[in-house]
Each structure stands twice: as structure tokens, then as C-alpha cells.
Amino acid sequence: MTPLIEVRGLTMRYPIQGGFMDGVLPGRRRTLTALDGVDLDIAPGEIFSLVGESGSGKTTLGRALLRLVEPTSGEVRFRGEDVLSMGPARLRAARRDLQMVFQDPWSSLNPRLTVGQILGEVLHVHDIARGAAAKARVRELLDLVGLPPEAADRYPRHFSGGQRQRIGIARALAVDPEIIVADEPVSAVDVSVQAQIMNLLLDLRERLGLTLLMIAHDLSVVRYVSDRVAVMYLGRIVENAPAAEIFANPRHPYTRGLMAAAPRTRPNARRDSAAIIGEPPSPLSPPPGCAFNPRCGFADNGCRERPPPLEDLGGTHQVRCFKHASVGDPALASS
Amino acid sequence: MTEEHAASTLPSRRLPSLMGRGRLSALVGQRTALVAGAVMISAIVLVSVMAPVISPYDPVDQDLRNALQPPSWTHLFGTDNFGRDIFTRVIYAAQVDLRIGFLCVFFPWVLGTILGGIAGYAGGVFDTLIMRTVDTFTAFPFLVMAIGVIAILGPGVTSMYIALTLAGWSMYARIVRAEVLVAKRSEYVLAARALGFSHTRIMLRHVLPNVITPTIIFAMTDIVLVILSTTTLAFLGLGLPPPAPTWGTMIAEGKSFIFTAWWMVTLPGLAIVLVGISLSLFGDGVADWLRERE
């Protein structure tokens, strides 16, 4: 099957504003690499999860797919068409197919507009429906996300975090998109509501045939919903595999560390020794060699000298680690 | 997935409508300043508009036989050196002074909001150009710049508008730019971009309504300063030419008679104080109310 989204070598660098002389003094201009040669494919109808710590570049990647930020280089193809070279008119049309649900339901809705206005504006701008038809469509959208029709006359401040997230989802659905990038859609809502929002997204995917790119900072949220999981570290994808495979057989020490860090249902079960040490390094001065080496229990001198390439382990399992054989070895895994 | 659950936790709408009776009484209880200020300003505006009905005298016609009369029942505020009734001149002057004061806040507010909005939203070269200009304008003391501009353009109301707009816009630009920079990064603006909305739509419908309140709050505190500045400029002879009455020119004319006819200087001065107090009360009240609403 041809992928819905293809990303090739996507790179994003920001110049950093330092002291006022930095631009003048030689060698002081610094750049932050948010994305470094990212490749990935998203198949139609799948739930693709992108996991990583803050600063790993996962949000930037999600935004770059929609061209909310302009990548420095690389390619993003949507149904084979290059998104990064689209002109303004084509891009506007493409945005009916590519939508986004944001992380913070408290800042993602314009506080000055009623819910009906927020949704109605989308229908108006894209010429989807006007007047009575638009009102009917707004009611339909609210119903789709489990909100009553009266919600249309209220302002975002009258709703709880979970309800606001539903409104954000309804707004993304208003254009009837093919793919929704959900940037940590549940990390800012109460734990009791997280499952409801995740279930809503799953339900919508079934009913509307959506493709989802789910961005998350821990594996536990995406464990039971994903078809495929990619793990990011400092702007690079370090492991990318079908969900069942990655959870059964993680081959990057960072992936294993993330799994060990997830809260467990059996607290007395033996802990994985692969727990990650320390904080992620600054993306302004990544360590030489493999970016993960300072925090890795498996690292040796080779890891500190050269960056590992993304290796294919057969099937569709890829990993960026010299030591993937030892990481996957069950004899060593619990040492 | 429980749709019923989501529906039942919707809070009911408890806020009374803004136009409702309950709202006003709540204001009287909590916002004495706002109400007192509004009542005082309304009274001043009403008296100045009704001036021809209230006063039997003309503000400009001279009556030299009755010059320099102290306050009495026939001339409440006394008369000036040309025999003109000072009370009449004070209430006619209110029309001019309030209009100039209001417009001298309004024009800089509009100009500053537009330029600050462009600087913040467009960024890059626009931002640099506009904000360096703001810095330049901010570096001049307010009155010095106003006097300088009027000196170039010649005295008059139009010059006053231009001068005070040039002297006052930069603060508004600064406030709006800072607010726009915050709003521009908000997720609702990102969402609007993701939905393919035009820049004009995003600016006017999503950014501007969310950044305008702080500028109104600032304008409310600025208005007193501006009214005082316009009377100061008039006092310095840079406002309306005589014989049209404004409080500043009346005080300027009266200053040579301060020891013989105290009422010529003092009573127009009291009018300025009264307007200053009512605008302070009103402005603070509005500012507090807007802050609370944010």
C-alpha cells in the first residue's frame, strides 16, 4: 500500500539568538537542530505514534507536516504530492485533508468566540456550509464528539478541559480531514478524562476512516492504540517498528528505558535495568557519536565516536543503535 | 464512551446578561468608582452640551462695563477683564476640551494598535523598522515633543491632534506588539493557521480581540494625563486661538489678574480638577472591570 504521508530527510534548524555580538564574532553563531534527517511513512488508516521526551522534536515534526513551521530541508509528501513546495492556494486546499488537535485545551480555543462561531468559521472559510446548513453541521460535529447542541452558544471558558479537547477535535473534523496530527491530546487533561478522549479518537477513526499521527511523551498512553510506534531522541528517530513488535522486542536502549520508566501495574515486578540515567543533553551541543551515549548503559567507545546509522532489522523494524543485538538479548536484558 | 456523561457535566449558564437589571446593581455595589466617574462625566458632558440653555450669556461677546466682577448670583463664577461670564466660558470650553482630550487618546490608540499589531504579527523588517521608530519617539519627553510639533505646524486644534498622536502612539504600539507576540504563539492562532485561514482573518478575528484589552486599560489611565497636557498646551498658547474659550487659555489670560481677580484663574482650574477626578474614577473603574473580565 502506498503511504499517505512520506517524510524523507526532514531537517529543521533554528538559529539561536545569543549575545548581541554573536553574529559578529566568528564561530559564535549557533543553531539548534530540532529535526535531523527524519524518515517515516504513515499508511492510510493507521495510528502512528511518535514518542519522545520534551525537546525530542516530536511536536516540531508534527507541525512541519502541516507546514506550521518551515523545515530547513527534506521532503514531506502527502499522497505523493510535495507539501513543502505547495503554493498558498494549494496549501490552503491541502489543509482540508491535514488537520491538527493541540496539546493544551486551555489555549487552543479562541476565548472570544462561541463554540458555534469557532466551528462555523471553519465551514464558512472553506465554503463547506453556510446559514442553516452550517448550523446543522455544527450540531452534527458536536454530536460526533459527544457534546450537546446547546454547547454551540457557549464560550470555551464554560467548559472543562476534556470538553474543550472535544471541541478542538470537532474543529479539526469540520473540514473532514484524512489525517489528524494529535499533539499530546491527553497530556493536559485529567487522568480520569484521558481514556475518554483516547476512546473518542479511536471511535472517530473507525467511523470516519481517519489516519492518526499521535504524539505522546510516554509509551503507556499509546501502548494499546497504536499500529506503529516511532521513538524520537534529540531530533532523530531511534527506533521505528509495528506496535506489537516494539513492545515485545525493543531494540534501542532508549525505548527500553522509556518502557521501564512507565508506571507499572505490578509494582513488585522486577525492574528493567535499562532505566535511563540523567536528563537529555542540550540540543545546542549534542554529544559526539550517538546522541544517547551519555545516558546509555550499553555504550562503549565506538558509540562515543560515530553516530549509528538507522539499521533495518527485517520486517519493518528499524533501529539506530550499534548495540541493538545486546539490547535485544534476553540474557542481558535483565542483568 | 459516554455522551450522556459529557453532556451532564456542562455547567449551566449562571452569568446574568450584561444588559440585565442584576448587572447594574452589582456594579453599584462593587464598582462605586466606575459609577461615580460615569455619573460625573455624564453630568459634565450634559452641562456643556446644554450650555446655550443653561447660560443666558454669550461665551465670546464682550461687556466691558461689567469687567472683573467677582462671583455673584448674576455671574456665578464672576467675569473676566472683557466682562465675559466665566461660568459660561467654562461650560462652553468643556465641549472643546473634552473633545480634544478624547480624540488625543483615540488617535494614538488607533495608530499605535495598527503599527504595534503589524510589528508583532509580521515580524522581521517591519518589526525592526517600527520598533526602532517607537524607541526614537519614546526617547522624547511627551510635552517637549508635543510643543515641538505644534511649533512646526503652527497652533490650532489640528496641530494639537497631530502633536499628541505623535507623542502618544508609541506606548500603545509597545503594548500591542508584546501582546501580539504572545497571542501569535498561542495554539488557537496555530489552529487558525492549520485551518488555512488568511492572515487578515487571523489578525482581525483571532489576534486583535485578544490583545486589545490591555491597550484600553492603558488608555483609561492615559486619558487624564492627555487632558492635562492639552490644557497645558492651551495655557502655553499652542491651542485654539482666542477668543474661543478653553480652560487652558482662560487660565493663561487670567494669570495677570491672579491677585486682583482670583476667580479668573481658580475657577477654570477647578473645572480641570473636576474632570481629572471624574476621568480617574471612571478610567480606574473601567480598567478594573476589564481586568476582572480577562
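The values are calculated or read from the model by the stated rules, or taken from the named source; none is laboratory data. What you are looking at is a predicted structure, and each value in this text was computed from that prediction instead of being measured. Here the Cβ is made from the backbone with ideal geometry for all residues, glycine too, and neighbour counts use every protein chain on show. Remember, those area values only see protein heavy atoms, side chains included, never the ligands or the DNA or RNA. Shrake-Rupley method; radii C 1.70, N 1.55, O 1.52, S 1.80 Å.
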Neighbouring partner chain Cβ atoms per residue of B:192-202, average, 10 Å criterion: 6
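What is the dipole size for the protein assembly as shown, taken about its Cα centre, with +1 at each Lys and Arg Cβ and -1 at each Asp and Glu Cβ, in debye to the nearest 20?
Dipole about the Cα centre, nearest 20: 240 debye.
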Choice from A:133, A:291, A:182 showing the highest fluctuation, given a GNM over chain A with Cα pairs closer than 10 Å: A:133
Carbon + sulfur, % of accessible area of chain B - ligands and nucleic acids excluded, 1.4 Å: 70
Computed accessible area, residue A:323, all protein chains, 1.4 angstrom probe, square angstrom: 50
Among A:113, A:213, A:84, residue whose mean-square fluctuation peaks in a GNM of chain A (springs only between Cα atoms under 10 Å): A:113
Choice from A:204, A:50, A:212 with maximal GNM fluctuation in chain A (Cα, 10 Å cutoff): A:204
10 Å Cβ neighbours from other chains, averaged over peptide A:146-155: 3
Helix A:131-144 vs. chain A, principal-axis angle (Cα, 0 to 90°, nearest 10): 40
Accessible-area order (highest first, 1.4 angstrom probe) of the listed residues B:277, B:272: B:277, B:272
Within 10 Å of each Cβ in A:91-104, the average number of Cβ atoms from other chains: 3
Scattering profile of region A:151-226 at q = 0.14 Å⁻¹ [log10 I(q)/I(0), Debye over alpha-carbon scatterers]: -0.45
Cα pair distances exceeding 45 angstrom across the protein assembly as shown, given as percent: 40
For region B:112-123, Karplus couplings with θ = phi - 60° (6.51, -1.76, 1.60), whole Hz, Gly/Pro x: x, 5, 5, 5, x, x, 5, 4, x, 7, 6, x
For region A:175-208 and region B:109-160, distance of Cα centres in Å: 48
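Net charge near residue B:160, counting Lys/Arg +1 and Asp/Glu -1 over other residues with Cβ under 14 Å of its Cβ?
0
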Amide H contacts under 5 Å for residue A:311, placed H, 5+ residues apart: A:319, A:320, A:321
Interface residues, region B:205-229 - accessible area loss of 10 Å² or more versus chain alone, probe 1.4 Å: B:205, B:206, B:209, B:210
Amide proton proximity set for residue A:101, modelled H, under 5 Å, gap of 5+: A:181, A:182, A:183
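Let me know the volume per residue of the alpha-carbon convex hull for chain A, in Å³.
161
Lys and Arg at +1, Asp and Glu at -1: add these up for the other residues within a Cβ distance under 12 Å of residue B:196 and post the number.
Net of charged neighbours comes to +4.
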DSSP bridge pairs, region A:59-214: antiparallel proportion in percent, nearest 5: 20
Region B:105-262, dipole about Cα centre (Lys/Arg Cβ +1, Asp/Glu Cβ -1), debye to the nearest 20: 420
Alpha-carbon radius of gyration plus Dmax, which is the widest Cα pair, for region A:30-182 in Å: 16.8, 54
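Rounded to a whole number, what % of the accessible area of region A:122-166 do carbon and sulfur atoms account for, probe 1.4 Å? Each step should come with its number before you reach the end.
Values: 980 of 1960 Å².
Answer for region A:122-166 is 50 percent, counting heavy atoms of protein chains only.
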Degrees between helix B:263-293 axis and first principal axis of chain B (Cα, 0 to 90, nearest 10): 10
Taking the C-alpha atoms of chain B, convex hull volume expressed per residue in Å³: 169
Long-range HN-HN contacts of residue A:238 with modeled amide H, under 5 Å: A:231, A:232, A:233
Cα-only radius of gyration and Dmax that characterise region B:76-177, units Å: 18.0, 61
Candidate residues A:79, B:89: accessible-area rank, largest first, probe 1.4 Å: A:79, B:89
Relative contact order of chain A, defined on C-alpha pairs under 8 angstrom at six or more residues apart (%): 19
Cα-based helix-to-principal-axis angle, B:157-184 vs chain B, degrees rounded to 10: 20
Of the trypsin sites (Lys or Arg not before Pro) in region B:135-244, those whose Cβ has at most 12 other Cβ within 10 Å and which sit in DSSP loop: B:185
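Can you pull out the buried accessible area for chains B and A, both sides counted, probe 1.4 Å, rounded to the nearest 100 Å²?
Working: alone 16320 and 16230 Å², together 29470 Å².
It comes to approximately 3100 Å² buried between B and A.
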Between region B:162-220 and region B:29-95, the alpha-carbon center distance in angstrom: 41
Net +/- balance of residues flanking residue A:318 in space, Cβ distance below 12 Å, scoring K and R +1, D and E -1: -2
Solvent-accessible area per residue, Å², over the protein assembly as shown with all protein chains present [probe radius 1.4 Å]: 47
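Given the convex hull over the Cα atoms of region B:199-287, what projected area results after averaging over all orientations, in nm²?
The directionally averaged projection comes out at 7.8 nm².
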Surface accessible to a 1.4 Å probe, residue B:77 within the full protein complex, Å²: 50
